[in-house]
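K.L.:
So that we are looking at the same thing, I have put the structure below in structure tokens.
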Amino acid sequence: MSQRHPVLTMTAISKIFPGVRALDGVDFRLFPGEVHALMGENGAGKSTLIKVLTGVYGTDAGTITLDGQQVSFAGPMQATAAGVSTVYQEVNLLPNLSVAENIFIGREPRRLGSVNWREMRRRAQQLLARIDLHIDVTELLGSYSLAVQQMVAIARAVDVNARVLILDEPTSSLDADEVAQLMRIMRQLRDDGIAIVFVTHFLDQVYGIADRITVLRNGRLVGEYPTAELPQIALVEKMIGHELDALERLDSETDRDRAAIAAGEPFVAADGLGRTGSVAPFSLTIHAGEVVGLAGLLGSGRTEVARLFFGADRADQGRLAVDGTPATIRNPVTAIDRGVAFCSENRRTEGLVGELSVRENIILAMQAARGWLRPVPRRKQDELVERYIKALSIRPANPDMPVRNLSGGNQQKVLLARWLITEPRLLILDEPTRGIDIGAKTEIQRLVAQLSDGGMAVLFISAELEEVLRLSHKVVVMRDRRLVAQLDNDDTLDADRVMRAIASGAEQEGLEKV
Amino acid sequence: MSTARTRLAGVTGHRLFWPLVVLVVLLAANTVYRPSFLSVELKNGHLYGSLIDILRLSAPLILVALGMSLVIATGGIDLSVGSVAAVCGAIACLYISEQPDQNSLGGVLTAVAIAFGIALLLGAWNGILVAGIGIQPIIATLILMVAGRGLAQLVTSGQIITINSEPYKTIGVGHLLTLPFAIIIALAVTLVVALLTRRTALGMIIEAVGGNAEASRLAGVRSRRITFLVYVVSAACAAVAGFMMTANVSSADGNAVGLWVELDAILAVVIGGTSLIGGRFYLSGTIVGALIIQTLTTSVYAMNIDPQTALLFKAVVVIAVCLIQAPAFRARFRRRQAPGVPPAAPVEKQKEQVPA
Amino acid sequence: MTTTPLAARGPRAWWRVPQRQVPVLATLALLLVMYGIGVSQYRAFSNIQVVFNIFIDNGFLLVVAVGMTFVILTGGIDLSVGSVVAMTAMVSASLLGDGVHPALVLLIALLIGPTLGFAMGCVIHFFDIQPFIVTLAGMFFARGMCTWISSTSIPITDGFWTSAAQERIRIGENFVTVSVLVALAVVAVAAYTLAYTRLGRNVYAIGGNQQSALLMGLPVGRTKIAVYTISGLCSAIGGILLSFYTLSGAPLIAVGMELDTIAAVVIGGTLLTGGSGYVFGTLLGVLVLGVIQTLITFDGSLSSWWTKIVIGGLLFAFILLQRLVGIRKK
Amino acid sequence: ACGNSDTGSDAGDSKGDGQIVLGFSQVGAESGWRTANTNSIKESAEKAGIKLQFDDAQQKQENQIKAIRNFIQQKVDVIAFSPVVESGWDTVLKEAKDAKIPVILTDRAVDSADKSLYKTFIGSDFVKEGRLAGEWLVEQKKSASGPVNIVELQGTTGSAPANDRKKGFAEAIAANPNLKVVASQSGDFTRAGGKQVMEQFLKANPKIDVLFAHNDDMGLGALEAITAAGKVPGKDITIITIDAVKDGMQALADGKFNFIAECSPLLGDQLMDLVKKVKAGEEVPARVETQETTFTQEQAKAALPTRKY
Ligand SMILES: Nc1ncnc2c1ncn2[C@@H]1O[C@H](COP(=O)(O)OP(=O)(O)OP(=O)(O)O)[C@@H](O)[C@H]1O
Ligand SMILES: Nc1ncnc2c1ncn2[C@@H]1O[C@H](COP(=O)(O)OP(=O)(O)OP(=O)(O)O)[C@@H](O)[C@H]1O
Ligand SMILES: [Mg+2]
Ligand SMILES: [Mg+2]
């Protein structure tokens, strides 16, 4: 193996942003026919390394060689032309164009110089069928969920004749099925001799597919290891830079008295709540101190349920009671008034205000609730922001940095901090751990457990079934935009049973039917 | 020495640095052309001179641009400000001209109050179209831009209403503490807007709405209400500007008052560093922008530049201001130097490299 | 494995109008309604020639609006169009006045607009300055050039120009002019370019999200520069059509035309934020403005100020209905 | 008028009863003068029993051409218009001629080589106005020994009145080499423009003896600048303007202005006369000038009570 020549080497790469040394003398090698995992905490510099490679950013130092030749791409266009195909973190597609076009734009099939739409549609359909995605490719991409968009982005990258394929957290918004599909495709490409860079925070995915691992920390290279020689624990230690004592399991903490929680009045009770064309009417109660997990495949309508509770969409049927009194939640303002908070899944379009600083983003919801006339005093802002930057280890710990410049995972933490400081009574978390590194993920999980212990009701949506199972007292299963099962999280509940409920509805198992 | 350099870098890096440099250059050019340009003398207890003229004449533009800053911060634009200024000026003058005693303070105050009320209505109209019905701001305000001119002429019946009212005239040409009253009003309004936006959370909330309206809505911000509000504020500012413009010549000309002021205002806002996309806004920048534009206009008259060259001149200055402010432009002309970055922390652990 | 619920949506029924085209169709319907109102109110309105006149009178506006459509689709804006139109007409008139051969004049006139557009595009792209400002400076520049060439209007007496201006292409009883054919050709070419060429698709892509387009490896810079060049070219063509139309060049002609153009594009259903819209919509937008104006002239009883108020009112009614119809369909 | 009797106020319908239909396209409503002009035409048309199809072009030549085309479609009897600019009317005037609709120009001329495209022109002679103003000044200053410094406030750059008045004035004052225009700048025919330009004139030129403004409004604006500079208008600075609108006449009567050359907007009656003649196929003169005069301060005092506009 050592005789083989790397298809790509990056040597002593440095990248400096105003005030941040994002990369500091990083080396990276990539061999043909391997899956190379790039690992590191949020903000370690993974995405930056990738963007430097493909010419989105210029380097401040260092060289890049591709196939033995030194290169310096002026932008993704040149990189793609040279055979480096990339799916960047956060879906970077065009919501205003059709799915088919998103896959083929820039290399549309043409006939006599003009775009051949029919052929494009046909090929798009074929391509998506290969990854088991059966959608109308003429619809606008923007009308599909984030997960679908992510799959489309992958389809686009995979279809070009690339020698290097880079996937920056492609799995963060996918569920188990899609991940399996993706793994299958990656193996196939690897066997065809393509070199794949794979960034993820899911260790099992890394160990399931990667041949080699490079770890970054704080913009520096920690090391490069064959996967087989690096046990999971060691990997995590290298990523976080210290011993792993902080990451003991959470199981014990969620062992709380389910009966006691359910005994009292529910904090919110939905009765036949629904919205035409979005979610079928459902009934659901969430008690104070209870964590309700929402499970389901992508597009099953979990987000829609959350949005109804928060008034982001208005329900057109059914009733909602908060604290035992009927409540009409018309919009987010009334929801927040009643103590509901909603951490949305798409942080870029529905969560953060990129231009504003970390501080402003964190206090935004609190400020909105107080009304503009009563600004949050500066001292209090400092105190709150500092506390949560520390608690969630948001990096860089600079409250005045525009949030747009934060790494993906850190942005997610900012969003979470925004809602935590409002001290809600019901916290709705839609994919809160997406794109978050393992340390922070555990941190968030612990936080959720802690909050619910303190009496907060939590509605927890996550594509990771284990996470849902670990945290929730009750698992609610969605399918085809209707609520199909509510399962108490007792000793008998495991991922298998939930999967079966997701796959086939509640009947077979004789589960509590809704 | 290095601290001196960093301090210098701090100054040149400031947002207002380059606009101010341009302003100074313009004034210097005028002074070279006519050395007495900068001279200010005291005449009848008033300061008198070209600089004072610039201040006085820029007052309406400053006002309009202030309102425009807020609108632009929400990602909108208000083309109707010129028409609103014309309508309000016309209404005020019409009311005063019908008074038996045009010099009565009460009458003038009533006139101003009525016109101001109308301005709020017009602003609310824009606000409803944009925030309520969801029409794109440029078109929504274009409607009032066209129809408002007609309204102003309807009010004046297409004539120029001349008034002879000392109190009203004060708004445009009066003096307070030797300074033009107009500029004092403009400063006062600036102060109020600055306090309202920067001492309360309004500014941040406006920026949040402009930066990402949907995210703000989901954070509990009443985005629509804020959007509505900025159009009302913009119309209110335009109304005061309209009073100044009409008071300046003691007459209301429905056709000429505030003609093209919207372009100048937008220009002022952008020169001041606020992006038309929405988000961050900078009131101080806007004021410097307005001063630059008025200085430009006055220079054209003062240097007796013929109107043909005047526009070319304006084009050059506008592009120059924007270019030297653009980071991308400066980056091209700055020799590469190590940016000020925190020194790298000591390496904690030796790099490990496993042979491939 | 079970199929994902995403497969559930069946093929689209043939009669269902795609979402994206709803605004354009709403505009078309309303335009017809408005025309109907005109016909029922004023008898001479039903002459076919009235419709042709709308095309004749708005040919140059249409061409310029087509160029603007490209720019707005990328999320930009071009305020220089009115001045560039005027400058082109002025240059043509003054060169023709100097006895330069019309073919050469045509060539020069057609080069000036795109050159300025190219320059503006470069400044916008390379220095990352907002299009509004750059094109505003372009507007000042071109207008300044107009008055610099001549402060009064220059008549055109050239044979080619006059015949192009006065040639009537008979269609039955009625006629159109060369300008109409040129304008329609421009519309057709533009529609084709936007729908069937890479350049056109890149225009939509940039309007959707410039950052994404960049990351997807699309030639963002080139496309941006191209749209301003195209807009400059369309303004130049518009300028020539205008010089056919008026057979002169006047320094203050086409003042405020940029606003008419933007209005036409937006009424035609194109989003100012970019990424969504059609040239056909722009055509409808221009016709809407034309019909409004014709209605007002036919009425003939409005005073000057009521004219403005009524234009504003009709514009408002139209946009309001357009939105209501659009929402209803969704 | 065939079976379609419920169609509204279409111009074509009224032809049956022999009423003359006049299509008139006005420049716009950019000044009080223009509005007075419009009102005069509307009133006179009503008085003369002529049906007026009025259109406002909002200062745009394109709009005027459109309006004329629509008049042709409506088959009006006579078309009259005040051209926004001089050039560029041939095509549309040919269409009118082909449709056998006579055209009358008002207020401003066109430069068509083919004079048969329009029947006649009615309006003021701007060059003459400038000349009258200049001649009066020459007369006043004939005893002046030293140089007389004149500043000129021009109208909108390139507009016919501005060009012609400047020309006429320059011709007249050439008679006395002592008279010198030291600064000339456009004030856009507006009061605000006049004031702003005058402010700078005053600062740049220590000694200004005479102000010539191309219209009253700019003169009125300049008045304020002069007063603010601590000078006495009409005494320290001699002010000559053109137009004689009411506010200007008032200033003249008050002694703030010194001389006004009239430019009368009241050509409605004369126009309607012409319309009738043209319609009847009578011969009309190729050029009809509006009745105009000049005013000194005393004449202004006398005329003011009876001024209509
Ligand atoms: N455009 C930018 N301007 C300033 N700082 C930036 C910019 N982009 C990234 N950074 C900073 O560079 C560092 C590395 O960010 P990067 O996005 O590479 O992290 P990452 O390893 O991909 O993290 P994550 O797992 O959260 O995606 C972070 O501290 C981030 O704040
Ligand atoms: N059958 C379908 N065909 C196409 N698109 C669908 C289908 N079902 C759902 N979608 C898309 O998926 C979105 C609904 O998914 P929603 O976000 O509610 O689901 P979710 O369970 O939260 O999924 P995710 O895991 O992506 O968060 C809708 O916006 C819709 O456009
Ligand atoms: Mg990343
Ligand atoms: Mg979801």
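K.L.:
Counting only other chains, what is the mean number of Cβ atoms within 10 angstrom of the Cβ of each residue in peptide B:197-208?
P.N.:
5
K.L.:
Cα centroid distance between region A:85-145 and region D:65-119, in Å?
P.N.:
57 Å
K.L.:
Suppose we compare each residue of region A:74-112 in its chain alone and in the full protein complex with a 1.4 Å probe; which ones drop by at least 40 Å² of accessible area?
P.N.:
Flagged in region A:74-112: A:PRO76, A:MET77, A:ASN92, A:LEU94, A:ASN96, A:ILE105, A:GLU108, A:ARG110.
K.L.:
Give the interface area between chains C and B as buried accessible surface, both sides summed, probe 1.4 Å, in Å² to the nearest 100.
P.N.:
3700 Å²
K.L.:
In chain B, if the dipole is taken from +1 on Lys/Arg beta carbons and -1 on Asp/Glu beta carbons about the Cα centre, which of B:ILE277, B:ILE52, B:LEU109 is farthest to the positive end?
P.N.:
Working it through, the farthest residue towards the positive pole turns out to be B:ILE277.
K.L.:
With the other protein chains left in place, how much accessible area per residue, in square angstrom, belongs to region C:19-329 at a 1.4 angstrom probe?
P.N.:
32 Å²
K.L.:
Further, regarding this structure: If you take the accessible area of A alone, add that of B alone, and subtract the area of the pair, what total do you get in Å², probe 1.4 Å, to the nearest 100?
P.N.:
So the total buried area for this chain pair works out to about 3600 Å².
K.L.:
With solvent modelled as a 1.4 Å probe, how much accessible area in total do chains D and C shield from it at their shared surface, in Å² to the nearest 100?
P.N.:
3600 Å²
K.L.:
Can you give me the C-alpha center-to-center distance between region D:247-309 and region C:185-221, rounded to a whole angstrom?
P.N.:
60 Å
K.L.:
In addition: In 20 Å bins starting at zero, report the fraction of Cα pairs in chain A per bin as a rounded %.
P.N.:
Each 20 Å bin holds this share of Cα pairs: 22, 55, 23, 1.
K.L.:
With the solvent-accessible surface defined on protein heavy atoms using a 1.4 Å probe, which residues belonging to region A:292-328 display a reduction of at least 40 Å² in accessible area in the multichain context relative to the isolated chain?
P.N.:
A:LEU297
K.L.:
Another one. Where the accessible area of chain D is counted over protein heavy atoms with a 1.4 Å probe, how much of it, in %, is carbon and sulfur?
P.N.:
Of all accessible area on chain D, carbon and sulfur atoms account for 50 percent.
K.L.:
Run the helix sum for chain B: -39,500 (n - 2.57) per DSSP H stretch of 4+ residues, divided by residue count, reported at 222 nm to the nearest 500 deg cm²/dmol.
P.N.:
Taken over chain B, the calculation gives -22000 deg cm²/dmol.
K.L.:
What is the list of residues in region D:293-309 whose amide nitrogen lies under 19 Å from a point 7 angstrom out from the Cα of D:ASP269, following Cα to Cβ?
P.N.:
In region D:293-309, the label zone of D:ASP269 (backbone N under 19 Å from the point 7 Å along Cα→Cβ) covers D:293-294, D:303-309.
K.L.:
Averaged per residue, what accessible surface does chain A expose to a 1.4 Å probe, in Å²?
P.N.:
So chain A comes to 37 Å² accessible per residue, rounded to a whole number.
K.L.:
Straight-line reach from A:LYS380: which aspartates and glutamates have a Cα under 20 Å away, not including same-chain ones fewer than 8 places off?
P.N.:
Reachable aspartates and glutamates: A:GLU360, A:ASP400, A:GLU423.
K.L.:
Would you mind checking region B:45-77 for residues with the amide N under 13 Å from a putative spin-label position 7 Å along Cα→C-beta of B:THR31?
P.N.:
B:51
K.L.:
Please work out the FRET efficiency for the pair B:ASN103 and C:TRP148, using the Cβ-Cβ distance as r and a Förster radius of 45 Å; give the result to the nearest 0.05.
P.N.:
0.45
K.L.:
Separate question: How high is the relative contact order of chain D? Use alpha-carbon pairs under 8 Å, at least six apart in sequence, and give a whole percent.
P.N.:
17 percent
K.L.:
Take peptide B:84-96, look around each residue's Cβ out to 10 angstrom, count Cβ atoms belonging to other protein chains, and average those counts.
P.N.:
0
K.L.:
Starting with the highest mean, order B:82-94, A:275-287 by the number of other Cβ atoms within 10 Å, averaged over the residues of each peptide.
P.N.:
B:82-94, A:275-287
K.L.:
A follow-up question, please. Which listed residue (C:LEU28, C:GLY290, C:ILE171) has the Cα farthest towards the positive end of the charge dipole for chain C, taking +1 on Lys and Arg C-beta and -1 on Asp and Glu C-beta about the Cα centre?
P.N.:
So the residue we want is C:LEU28.
K.L.:
So, one more: Enter the angle in degrees (range 0 to 90, nearest 10) between the Cα long axis of helix B:202-211 and the first principal axis of the Cα atoms of chain B, meaning the one along which they spread out most.
P.N.:
Approximately 70 degrees, to the nearest ten.
K.L.:
Please list the radius of gyration and Dmax for region C:19-329, considering alpha-carbon atoms only, with Å as the unit.
P.N.:
19.4, 59
K.L.:
Taking H placed 1.01 Å from N in the peptide plane, check which residues at least 5 places from A:GLY223 or on another chain put their amide H under 5 Å from its amide H.
P.N.:
A:VAL215, B:GLU352
K.L.:
First measure r as the distance between the Cβ atoms of B:LEU176 and D:LYS115, then evaluate 1/(1 + (r/R0)^6) with R0 = 60 Å and state the FRET efficiency to the nearest 0.05.
P.N.:
Rounded to the nearest 0.05, the efficiency is 0.45.
K.L.:
Could you check the simple spin-label distance between A:ARG187 and B:GLU214, using points 7 Å along Cα→Cβ, in nm with one decimal?
P.N.:
3.7 nm
K.L.:
Continuing with this model, one more query. Rounded to a whole number, what is D in µm²/s for region A:266-312 from Stokes-Einstein with the Kirkwood radius over alpha-carbon pairs (37 °C, 0.692 mPa s)?
P.N.:
Rounded to a whole number, D works out at 290 µm²/s.
K.L.:
Still on this structure: Each label point is 7 Å from the Cα along the Cα-to-Cβ direction; what then is the distance between the points at C:LEU184 and B:ARG225, in nm?
P.N.:
5.5 nm
K.L.:
Which value in nm describes the separation of the simple spin-label points at B:ARG15 and B:SER157, placed 7 Å from the Cα toward the beta carbon?
P.N.:
Taking the two extended label points, one gets 4.9 nm.
K.L.:
Could you sort out which of D:LYS47/D:LYS195; D:LYS167/D:LYS235; C:LYS308/D:LYS277 sit more than 29 Å apart by Cα distance in this structure?
P.N.:
D:LYS47/D:LYS195; C:LYS308/D:LYS277
K.L.:
Hey, another quick one. Rounded to the nearest 20 debye, what is the charge dipole size of chain A about its Cα centre when +1 sits on each Lys and Arg Cβ and -1 on each Asp and Glu Cβ?
P.N.:
For this selection, approximately 1720 debye.
K.L.:
Taking Cα atoms of the protein assembly as shown, Rg/Rh with Kirkwood Rh, to two decimals?
P.N.:
1.01
K.L.:
With heavy atoms of protein chains only and a 1.4 Å probe, what residues of region A:369-389 have at least 30 Å² less accessible area in the full set of chains than alone?
P.N.:
Buried on complex formation: A:TRP372, A:PRO375.
K.L.:
Could you give the distance between the Cα centres of region A:156-197 and region C:241-268, to the whole Å?
P.N.:
Between the Cα centre of region A:156-197 and that of region C:241-268, the gap is 53 Å.
K.L.:
May I pose another question? For region D:220-268, report the accessible area per residue in Å² (1.4 Å probe, heavy atoms, rounded to an integer).
P.N.:
26 Å²
K.L.:
Further question on the same structure: So if each residue of separation counts as 0.36 nm, and I subtract the Cα-Cα distance between A:ALA234 and A:ASN116, what length gain in nm does that give?
P.N.:
37.3 nm
K.L.:
Can you tell me which of B:ASP306, B:ASP101, B:ASP53 moves the most in a GNM of chain B? Springs connect C-alpha atoms under 10 Å apart.
P.N.:
B:ASP306
K.L.:
For region B:25-183, what number results from the quotient of the Cα radius of gyration and 2.2 N^0.38 Å?
P.N.:
1.24
K.L.:
Say R0 is 45 Å: what FRET efficiency, to the nearest 0.05, do B:ALA328 and B:ALA113 get from their beta-carbon distance?
P.N.:
Once the sixth-power term is evaluated, E becomes 0.40.
K.L.:
Where nothing but the Cβ of Lys and Arg (+1) and of Asp and Glu (-1) is charged, how large is the charge dipole of the protein assembly as shown around its Cα centre, in debye to the nearest 20?
P.N.:
Once rounded to the nearest 20, the dipole reads 1280 debye.
K.L.:
Can you give me the % of accessible surface on region A:113-187 that is carbon or sulfur? Probe 1.4 Å, all protein chains present, nothing else counted.
P.N.:
47 percent
K.L.:
Using a 10 Å cut-off on Cβ to Cβ distances, tally the other chain neighbours for every residue of C:251-257 and report the average as a whole number.
P.N.:
Taking all residues of C:251-257 together, the mean is 5.
K.L.:
For every helix of n ≥ 4 consecutive DSSP H residues, a contribution of -39,500 (n - 2.57) applies; sum these over chain C, divide by its total residues, and give [θ] at 222 nm rounded to the nearest 500 deg cm²/dmol.
P.N.:
Calculated at 222 nm, the ellipticity per residue is -24000 deg cm²/dmol.
K.L.:
Given DSSP loops and a limit of at most 15 other Cβ atoms within 10 Å, what is the longest stretch of chain B that contains no such GluC sites (Glu not before Pro)?
P.N.:
In chain B, the maximal stretch lacking such sites is B:99-347.
K.L.:
To continue, here is another question. State, as an integer percentage, the relative contact order of chain A based on alpha-carbon contacts under 8 Å between residues 6 or more apart.
P.N.:
15 percent
K.L.:
Let me ask something additional. For region B:196-292, which trypsin sites (Lys or Arg not before Pro) are in a loop by DSSP, counting at most 13 other Cβ atoms within 10 Å?
P.N.:
Hits after loop and neighbour filter: nothing returned.
The values are calculated or read from the model by the stated rules, or taken from the named source; none is laboratory data. Here the structure is a predicted model, which means the values were calculated and not measured. So basically every Cβ, Gly included, is an ideal-geometry build from the backbone, and we count neighbours across all protein chains shown. Protein only, heavy atoms only, side chains kept; ligands, DNA and RNA dropped before computing areas. Shrake-Rupley method; radii C 1.70, N 1.55, O 1.52, S 1.80 Å.
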